[in-house]
Amino acid sequence: MTLPASTGIGSIISLVGETQESLGFDVQDSRTIHLARDLVMTLEEEAAQLLAKSRRPKTRSAYEGAWKKWAGWCAERKQDPFQAPVELVADYLAGLFQTGKEFSMINGARSAISALHVQVDGLPVGQHAMVKRVISGVFNERTPQPRYTETWDVDRVLNYIKILGQNTNFTDKDLTHKLAMLLALTAASRASEI
């Protein structure tokens, strides 16, 4: 059984092959590429499709970008990104911090590496004590800021709308503002989406 690259599993195999070729590894003899292919071959097509979709498209896209950066960094050091020493993973993440990257980006890189890297001491590499401590250090030094620094009281808005009275007394502009506010409150969308 061969799955198209668009399924996710196929793209993982392709990504594994590209990474190893860029490092000068013989793809045919590589343990990692065989493990990925063996996984696909042992699954029924439906199970392989679900496995490929176990991560959301945006997550897969983010992981792919982060993985390519990690693989390139490893290639410069002649290291296999799938089996790099845990110290190298910690150094890479610390290097991202040194270049000013934010916690969420560094933590995303850890997750992407962990998704394809072999386990270390029976754990995903991102859960290794050394990597977790580096991530904790990043968090402590560059704590993510809340997305919104201010909130407003919905009850005040609804009470104001209530005291405005009947819609028949509104100008078209006021009615448009009232409708926009009610849509904003019920849709839970961004302002740009209303």
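The values are calculated or read from the model by the stated rules, or taken from the named source; none is laboratory data. The model shown is predicted, which means the values in this text are computed figures rather than measured ones. Cβ coordinates were reconstructed from backbone atoms using ideal geometry, including for glycine residues, and neighbour counts include every protein chain displayed. Heads up: the accessible areas ignore ligands, DNA and RNA and are worked out on the full protein's heavy atoms, side chains in. Shrake-Rupley method; radii C 1.70, N 1.55, O 1.52, S 1.80 Å.
Structural remarks
- Percent accessible area from carbon and sulfur atoms, the stretch 110-171, protein chains only, probe 1.4 Å: 50
- Calculated on the Cα set of the stretch 113-194, radius of gyration then Dmax: 24.3, 72 Å.
- Surface analysis of the stretch 82-186 yields an accessible area of 69 Å² per residue, using protein heavy atoms and a 1.4 Å probe.
- For the stretch 54-99, the square roots a ≥ b ≥ c of the C-alpha gyration tensor eigenvalues yield an a/c of 1.5 or more together with a/b exceeding b/c, which makes the shape prolate.
- Distance cut-off 13 Å, percentage of C-alpha pairs in the stretch 100-140 lying past it: 50
- Cα→Cβ-extended label distance, 7 Å offset, between K69 and R56, nm: 2.0
- Under 23 Å of direct C-alpha separation, and excluding same-chain neighbours fewer than eight residues apart, K173 reaches these lysines: K162.
- Set the Cα radius of gyration of the stretch 56-194 against 2.2 N^0.38 Å, with N its number of residues, and you get 1.67.
- For the stretch 151-187 versus the stretch 97-131, the gap between their alpha-carbon centres in whole angstrom: 47
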